[in-house]
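The values are calculated or read from the model by the stated rules, or taken from the named source; none is laboratory data. Not measured: the values here are computed from a predicted model. Here the Cβ is made from the backbone with ideal geometry for all residues, glycine too, and neighbour counts use every protein chain on show.
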Amino acid sequence: MKGDKFINKLKEKITVKDVSRMPEEQITITVDRADLPEAVRMLYYDMGGWLSTMVPNDERAINGNYVLYYAISMEGGKMTPEDELPPEDKCWITVKAYIPAHDPTYPSVTCKVPAAVWYEREAYDMFGLVAVGLPDPRRLMLSDDWPDGLYPLRKDAMEYNYRPDPVDHADEPDYDFMHPEGSGTLDIPLGPLHITSDEPGHFRLYCDGDTIIDADYRLFYQHRGMEKLAENRMSYDQMAFLAERVCGICGYAHATACIEAAERAIDMEIPRRAQAIRIINQEIERLHSHMLNIGLACEVTGNINAFMHIFRIREYSMELAQLVSGGRKTYGNVVVGGMRRDISAKETKRGLELLDIMETQIKEVWEAVMEDDSQVSRWKGVGILDRQVARDFSAVGPNIRGSGFKRDTRYDHPYDFHDAIDFKVIVEDGGDVFARETVRYGELLQTISIIRQCFELMPSGSIVINHSKRIIPNAFALANNEAPRGENIHWIQHGNAHKVNRWRCRAATYNNWPSLRYQFRGNTIADAALIVCSMDPCYSCTDRTTLIDVKTGKSKILSHDELKRYAQTLKNHPMKNM
Amino acid sequence: MKLLDMTLKYGNATHDYPFSPYAVPEGFRGKPEYEYDLCIGCTACAVACPSNAMNVELNEAKDKLVWEFDCGRCIYCGRCDEVCPTGAIRLGQNFETAVRFNKEDLIETGELELEHCLKCNKAFTTKKLIAYCVQNFLKVGWTQEVIDEKTKYIQTCPECKKHDAAGLITDYKGARR
Ligand code: SF4
Ligand code: SF4
């Protein structure tokens, strides 16, 4: 059976206690917690796995333990073109380990697989599970003044709407930013609002002269506790609408992933027509998201003209969304078992027209941008994502495809209607901003072709199933989809009474943030904003930047406008008057 | 330069809005429109609404049922439209939902008369809901006698019904003994 190969290899070194499959291509193996790091490492590095998500769970009510699930996507290391698994071998292997409630510790996997770092920090914040040996045990999600010892996602910890009293500003503990060793670096905080996306996140850039030598950042200023909310009081009918609000740009991808996880856990097949409509909506989302990002990458470097044109074209994709989904965003359409809204023949016809318009105009504007040497030179060689760093941190989306990895979850683990559709995974080798934007451009054209194929191949018939399946308590599954920013993974464990017991939502950018630090290194301050932008981050928003000079130890806080003006014009260096 | 040529080629991309209306496609999901006369206070919309934008509750004095819609919470999903049995709530095409300074302006309400239980005289549902059911009875083609009996039945509150049912079971058991 699928995946046996890997499990047998694992068994040579490790005792695998239990193997289960649900659905077919998602295999869960149970190991002792002491074997956890080695099991994950073997699957990750020896057999070509990537860390898709890690789900800590409070199953004390079910079996008396906390449980960790490391979901690893087996697809091949992809460091060379040959280093990839054949489609029939690709699967997910979830390594499961029980953590006894009286001793909530486990050996850290991060020491062997760096990609787990954020997940393990989060497991501590949310569940109080301690990864012994974790190199970076600082808080990740909870604010600095959150009460110690209150772990929100433990079932008995608190109500979803509990809000601890805010601590007085003066008493608020300081977050411990990492500091590079040595004298003479300049510390630049960038945030709390980011220059391109106007979203919160606090960056600290450590500079030597104009060059960034290291960076650290603090995010999650807008953690909203959605998982807790859904577990506490939502039904599946409501959850899709909540999942959509994870993001303002690619929320549809979250809704589908969330609902599909619920469907897969009970092996529910939805009608082909509904599958095709899901894909159409998702690809529309990619259209407007990629155009937004390419536009912003132009704007941040001062090319306002190109930015305006791209946004003009983007409006067609919004119109397409209105047409087929009834809203400017494709929201509000997914339900367990299918879709709520069908697409009529008239809409299809107009949709195809819009696609043609977009295709010609996108090509036109991209050609113009490529001819502009000053634009292209601002993108080239900037913010390089090293291939080994990308491999170590399981980066996703255009971010990793710009570094030469053929990694796209639509291609690795096709879902829905994708098995009927032809498309090419766009890969570029440069690893810089230029490569990432080129990938996005290529994907725009692919996306247009995918939507066209869906319109043409979409079978007729119903868009929802008949109710016959029942939720099975404690059944779980993960669902993947390729959002504009990369692979989104949702993990759902059913509870009783048609409610969810645990929902773990992992947005694409979660896997991209940890490697950003390495992307910053060696670049100039003027490019910092551009680098973050080219990653196309998803953090709900930072307006200031602190510059710290390593040589003098002085620091300076830049305003949003100052930094933006400098990034666009490269005039009046921010450190001139320090 | 090419970009400037494009600007000339495609001309003005903006709309005249708000000085002239902005057309939206046919299936556009705009603000839910409420038709008070059709609403029977069945609370289906309030149950379906994922974001709690719609609520149907007794007022403070407990003498009226209040239907309330808070546009500020609405996500325009159209679940209410889907479930409303009478078409009292329909998504319209209106997307202009801004208000000035006062969030209260986003709230819309409708008050409905209450029906009292034949047995215990407690208020338990709206008059209009009962009328709506009776009207549907007429369509079925029952005899007046059956209709009268059923009407009486629906004019009894759930608690009294439960009570009655329990009574029936006890009677039945008693009869067997
Ligand atoms: S459209 Fe959706 S959110 Fe708005 S009132 Fe209706 S059900 Fe509630
Ligand atoms: S009649 Fe329609 S609008 Fe009135 S309470 Fe019922 S569902 Fe809501």
Scanning region A:373-398 for residues that are surrounded by 18 or more Cβ atoms within 10 Å (Cβ to Cβ) and within 14 Å of chain B (Cβ to nearest Cβ) gives A:GLN375
Between a residue in region A:7-20 that is farther than 15 Å from A:MET42 by Cβ and any residue that is β-branched (Val, Ile, Thr), which pairs come within a Cβ distance under 6 Å, given they are 6 or more apart or on different chains? A:LYS17/A:THR30; A:ASP18/A:THR30; A:VAL19/A:ILE29; A:SER20/A:THR28
Out of region B:83-102, which residues are away from ligand 2 (no atom under 16 Å from the Cβ) and of a type in the set (S, T, N, Q)? B:GLN93, B:ASN94, B:THR97, B:ASN102
Report, by residue number, each residue of region A:224-258 that is of a type in the set (Val, Ile, Thr) and either within 14 Å of chain B (Cβ to nearest Cβ) or crowded, with 23+ Cβ neighbours inside 10 Å (or both). A:VAL246, A:THR256
Which is modelled with pLDDT under 90 and closer than 24 Å to A:LEU242 by Cβ, of B:PHE95, B:PHE69? B:PHE95
Tabulated pairs, region A:446-468, first charged (D, E, K, R), second in a helix (DSSP H, G or I), C-beta under 7 angstrom, 6+ apart or interchain: A:ARG452/A:LEU352; A:ARG452/A:LEU355
Quick test for you: out of A:ALA261, A:ALA276, pick the one residue that is buried (at least 21 other Cβ atoms within 10 Å of the Cβ), in contact with a strand residue (DSSP E or B) (Cβ under 8 Å, 6 or more places away or on another chain) and more than 13 Å from every other protein chain (Cβ to nearest Cβ). A:ALA261
Report those helices (runs of 4 or more DSSP H) wholly inside region A:477-578 carrying at least 1 residues which are more than 28 Å from A:VAL117 (Cβ to Cβ) and at pLDDT 70 or above. A:525-535
Residues to consider are A:ILE284, A:ILE249; find the one that is assigned to a helix (DSSP H, G or I), away from ligand 2 (no atom under 16 Å from the Cβ) and out of contact with any Lys or Arg (no Cβ under 8 Å at 6 or more places or on another chain). A:ILE284
Could you check A:ASP342 against (1) under 25 Å from A:GLN238 (Cα atoms); (2) part of a helix (DSSP H, G or I) and say which number it fails? (2)
For region B:74-85, pairs from a residue that is at negative phi to a residue that is more than 10 Å from ligand 2 (Cβ to nearest atom) and hydrophobic (A, V, I, L, M, F, W, C), with Cβ under 7 Å and 6 or more apart or across chains, are B:CYS74/B:ALA53; B:ILE75/A:PHE241; B:CYS77/A:PHE241; B:ASP81/B:LEU91
Going through A:ARG387, A:ARG401 one at a time, which residue ends up being farther than 30 Å from A:GLU24 by Cα, among the basic types (Lys, Arg) and out of contact with any strand residue (DSSP E or B) (no Cβ under 8 Å at 6 or more places or on another chain)? A:ARG387
Among (1) away from chain B (no Cβ under 14 Å); (2) in contact with a Lys or Arg (Cβ under 6 Å, 6 or more places away or on another chain); (3) at pLDDT below 90, where does A:HIS290 come up short? (3)
Does region B:58-69 hold any residues that are touching an Asp or Glu at 6+ places or on another chain (Cβ under 9 Å) and within 14 Å of ligand 2 (Cβ to nearest atom), and which are they? B:LYS64, B:LEU65, B:VAL66, B:TRP67, B:GLU68, B:PHE69
Give the residues of region B:19-57 that are hydroxyl-bearing (Ser, Thr, Tyr) and within 14 Å of ligand 2 (Cβ to nearest atom), sorted by residue number. B:TYR34, B:TYR36, B:THR43
Looking only at residues that are among the aliphatic types (A, V, I, L, M), assigned to a loop (DSSP other than H, G, I, E, B) and more than 14 Å from every other protein chain (Cβ to nearest Cβ) in region B:59-113, which one is farthest from ligand 1 (Cβ to nearest atom)? B:ALA61
Starting from region B:15-35, take each residue that is within 13 Å of chain A (Cβ to nearest Cβ) and part of a loop (DSSP other than H, G, I, E, B) and list its partners that are exposed (fewer than 15 other Cβ atoms within 10 Å of the Cβ) and of a type in the set (Val, Ile, Thr), counting only C-beta distances under 8 angstrom and pairs at least six apart or across chains. B:LYS31/B:THR97
Which members of region A:450-476 meet the condition of being more than 24 Å from the chain's Cα centre (by Cα), outside any loop (DSSP other than H, G, I, E, B) and either modelled with pLDDT of 90 or more or not assigned by TED's automatic domain parsing to the domain that holds A:ARG340 (or both)? A:ARG452, A:GLN453, A:CYS454, A:PHE455, A:GLU456, A:LEU457
Could you please find all residues in region B:36-50 being away from chain A (no Cβ under 14 Å) and part of a loop (DSSP other than H, G, I, E, B)? B:CYS39, B:ILE40, B:GLY41, B:CYS42, B:THR43
